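What follows is a single structure, written as structure tokens, with notes after it.
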Amino acid sequence: MITDWTLWLEWFIKALVIIFALLIGFAYLTYYERRALARMQTRIGPNRAGPYGLLQPIADAIKLIFKEELSPAKAYKFVFFLSPILTLLPSIVIGAVIPWGATVHWFGRDINLYLADINVAVLFFAAIASVSVYGIVLAGWSSNSKYAMLGAMRSTAQMISYEVALGISLTPVILLANSMSMREIVEAQRSMWFVVYQPLGALIFWIATLAEVNRAPFDMPEAEQELTAGYHAEYSGMKFALFFMAEYQKMIIVSAILAVFFFGGYLGPGEAQYPILGPVYMFAKIMILLFVMIWVRATWPRIRYDRLMSFGWKILLPASLATVFLTAVGILMFDVAKNALWMWFIPVSSMLVFAICVIGVYQALRRLTYERV
Amino acid sequence: MTLDLALFLVLACIAVASALGMLLSRNTVYAALYLVLNFITVAIFYLLLGAPFIAMAQITVYTGAIMVLFLFVIMLLGAENLPAPNALPWQKPLAIALAAALFAEAAYLLIVKARSLGNVLPPAEAINATENLRQLGVALFQNYLLPFEIVSILLLVAMIGAITLTKKEKGARNG
């Protein structure tokens with residue numbers, strides 16, 4: 001029996017590692033994004049501070065720390081102070097349930113490469129994601145300014161709408177893994193990644209998380225041209241930096257969740273023999289998924305607000321319900337018929353639904369474009 | 001056990017304080033925030049009782065969805081500040097009488113009838129959490145499938161009703 005205090009020490013160290021990894025991840029994600037965006041726009045990007053501009057995030061941090069903190073005269077001071085913290089917390093809290101790897105033997109004992117393996121981890125993610133709206137709403141309200149308020153309104157409506165599709169698109173994963181524990185979900189993907197079984201589910205989940213973290217093309221709440229940065233318009237200095245940090249940490253977290261749910265998490269060749277490779281694979285998968293997010297931002301224009309809403313409710317929600325139904329049918333037929341071919345019914349049928357969705361969107365856009373009344 | 005008790009006492013204080021804050025706050029946004037805090041403490045109570053599923057559902061449904069809608073409506077209507085209390089003359093004595101009756105009933109049940117309330121299972125050790133989840137699924141979708149479906153249809157009807165009530169009829173605009 002290992003003494004109690006070493007267990008506490010282990011948890012403490014792991015929590016510190018996760019928080020610092022997210023902090024450094026945030027700093028260098030901004031650098032990664034600026035460099036990648038610059039390349040896509042045939043610019044060079046930040047390259048002055050340090051070799052290849054690697055010290056740029058640190059320079060930015062120092063600048064933000066020494067900036068003057070302003071707060072509007074008519075702001076609700078306490079909430080105004082609280083909301084950046086409320087925005088940042090959920091992304092760190094979700095980090096606790098993500099499995100970064102399996103178990104390694106260090107210092108003569110088994111160390112799990114995750115902080116907590118709770119058996120309702122999927123629900124935990126949904127719960128914390130739903131709470132993360134508060135920071136943004138309260139920031140908009142407490143600033144007592146109309147642009148901030150409009151940004152917060154848009155953001156609330158958007159996040160509530162896309163949360164529905166997000167929650168439902170988690171169900172196929174639970175059905176396929178037959179568990180709500182993130183670790184068991186990863187282990188269930190040893191034979192096949194879930195993205196192969198349920199490509200449409202992965203796509204819906206990814207689109208919904210893009211809307212949840214307010215990334216382009218769903219960055220309505222910020223919309224620089226219309227709302228002058230939306231809900232955080234009145235914030236400056238470190239408070240603004242906290243909002244910024246929250247957005248980028250959420251990007252990292254949702255990429256990690258997507259990797260866990262659909263892309264095999266920490267699994268990869270040689271991982272079974274050398275579990276320490278797990279975090280490396282996880283890191284690589286997160287980097288690739290983050291690159292796709294940046295790529296989307298560089299390529300796609302912002303979607304108009306009414307279209308954003310109708311896309312969420314009329315396309316994503318029915319499609320996610322269809323994925324749940326088809327996954328359940330596939331698994332049921334597999335159980336009844338004991339024929340592995342039925343598992344392939346799931347991807348084929350979900351791709352069919354995807355095709356119907358694409359045709360539907362295309363027709364609707366054509367109608368909107370050519371039928372002037 | 002003592003750690004659980006200490007946790008419970010602290011949480012109970014927070015729960016009662018946030019409930020009082022919700023009632024006494026003159027600003028509706030603050031009242032809503034107190035209610036959010038209260039819901040979160042209730043969720044932690046469920047965790048203490050070994051019911052993680054209900055705890056997470058509590059946070060997702062009440063804290064995450066319903067209270068956000070509340071806040072949304074409060075902000076949309078700009079109804080942050082309540083007007084000065086304009087109580088009806090008979091309201092206060094009636095409220096005091098009803099509160100006293102409720103308190104007396106609760107005290108009677110707790111003190112006098114406590115022995116006859118039946119044995120309560122110690123929840124944390126009753127079943128481990130994974131089994132808990134499985135049993136919940138079996139109970140909802142096998143043992144009580146019909147009531148579950150009826151409740152679902154009831155909620156759907158309520159939702160459609162709300163949409164129908166708020167939607168203007170096509171002819172009504174011109175008339």
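The values are calculated or read from the model by the stated rules, or taken from the named source; none is laboratory data. As the structure is a computational prediction, the values presented were derived from the model and not from experiment. Here the Cβ is made from the backbone with ideal geometry for all residues, glycine too, and neighbour counts use every protein chain on show. When the accessible area is computed, the model is the full protein with side chains, heavy atoms only, and any ligands, DNA or RNA have been set aside. Shrake-Rupley method; radii C 1.70, N 1.55, O 1.52, S 1.80 Å.
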Any hit, the range A:181-189, residues being of a type in the set (S, T, N, Q), touching a residue at least 60 places away in the same chain (Cβ under 8 Å) and more than 14 Å from chain B (Cβ to nearest Cβ): yes
Index of the failed condition, A:Gly270 passing every other in (1) touching a helix residue (DSSP H, G or I) at 6+ places or on another chain (Cβ under 8 Å); (2) modelled with pLDDT of 85 or more: (2)
Positions within the range A:113-122 being open to solvent by 10 Å² or more (accessible area, probe 1.4 Å) and within 9 Å of chain B (Cβ to nearest Cβ), in sequence order: A:Ile118, A:Asn119
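Being outside any loop (DSSP other than H, G, I, E, B) and in contact with a Phe, Trp or Tyr (Cβ under 6 Å, 6 or more places away or on another chain) narrows it down to one residue among A:Leu23, A:Leu29; which is it? Show your work before the answer.
Numbers: A:Leu23 fails: in contact with a Phe, Trp or Tyr (Cβ under 6 Å, 6 or more places away or on another chain).
Of the residues listed, the single one that is outside any loop (DSSP other than H, G, I, E, B) and in contact with a Phe, Trp or Tyr (Cβ under 6 Å, 6 or more places away or on another chain) is A:Leu29.
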Any hit, the range A:104-112, residues being out of contact with any strand residue (DSSP E or B) (no Cβ under 7 Å at 6 or more places or on another chain) and within 14 Å of chain B (Cβ to nearest Cβ): no
Count of the range B:39-52 residues which are crowded, with 22+ Cβ neighbours inside 10 Å and more than 11 Å from every other protein chain (Cβ to nearest Cβ): 0
Output for the range B:1-38, where each listed residue is open to solvent by less than 40 Å² (accessible area, probe 1.4 Å), in contact with a Ser or Thr (Cβ under 6 Å, 6 or more places away or on another chain) and closer than 28 Å to B:Leu133 by Cβ: B:Leu11, B:Ala15, B:Val36, B:Asn38
Where A:Phe125 falls short, out of the listed (1) within 12 Å of chain B (Cβ to nearest Cβ); (2) open to solvent by less than 50 Å² (accessible area, probe 1.4 Å); (3) free of Cβ contacts under 8 Å to residues at least 40 places away in the same chain: (3)
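Please tell me if A:Phe78 is within 19 Å of the chain's Cα centre (by Cα), at negative phi and within 14 Å of another protein chain (Cβ to nearest Cβ). Quick ask: steps written out before the conclusion?
Numbers: within 19 Å of the chain's Cα centre (by Cα): no; at negative phi: yes; within 14 Å of another protein chain (Cβ to nearest Cβ): yes.
The answer is no for A:Phe78.
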Subset of the range B:2-38 (residues that are of a type outside the set (A, V, I, L, M, F, W, C), more than 21 Å from A:Gly135 (Cα to Cα) and within 14 Å of chain A (Cβ to nearest Cβ)): B:Arg26
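Out of A:Glu69, A:Glu10, A:Glu33, I need the residue that is closer than 30 Å to A:Ala129 by Cα and surrounded by fewer than 14 Cβ atoms within 10 Å (Cβ to Cβ). Which one? Walk me through it before giving the result.
Details: A:Glu10 fails: surrounded by fewer than 14 Cβ atoms within 10 Å (Cβ to Cβ); A:Glu33 fails: surrounded by fewer than 14 Cβ atoms within 10 Å (Cβ to Cβ).
Criteria check complete, one pass: A:Glu69.
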Cβ-Cβ under 8 Å pairs, at least 6 apart or on other chains, the range B:60-79 side at the interface with another protein chain (Cβ under 7 Å from one of its Cβ atoms), far side assigned to a helix (DSSP H, G or I) and open to solvent by 70 Å² or more (accessible area, probe 1.4 Å): none
Extreme residue, farthest from A:Glu247 (Cα to Cα), among residues of the range A:136-167 that are away from chain B (no Cβ under 11 Å) and not in a helix (DSSP H, G or I): A:Ser145
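Would you check if there is a residue in the range A:128-148 being open to solvent by 20 Å² or more (accessible area, probe 1.4 Å) and free of Cβ contacts under 8 Å to residues at least 24 places away in the same chain? Explain how you work it out, then say what you get.
Residues of the range A:128-148 open to solvent by 20 Å² or more (accessible area, probe 1.4 Å): A:128, A:131, A:144-147.
Adding the requirement that they be free of Cβ contacts under 8 Å to residues at least 24 places away in the same chain leaves A:146.
Within the range A:128-148, one or more residues are open to solvent by 20 Å² or more (accessible area, probe 1.4 Å) and free of Cβ contacts under 8 Å to residues at least 24 places away in the same chain.
When you scan the range A:203-221, do you find a residue that is at pLDDT below 85, of a type in the set (D, E, K, R) and touching a Pro at 6+ places or on another chain (Cβ under 6 Å), even just one?
Here is the first cut: in the range A:203-221, the ones at pLDDT below 85 are A:212-221.
From what is left, the residues that are of a type in the set (D, E, K, R) are A:212, A:215, A:219.
Narrowing the set further to residues that are touching a Pro at 6+ places or on another chain (Cβ under 6 Å) leaves none.
No, there is no match, as no residue in the range A:203-221 is at pLDDT below 85, of a type in the set (D, E, K, R) and touching a Pro at 6+ places or on another chain (Cβ under 6 Å).
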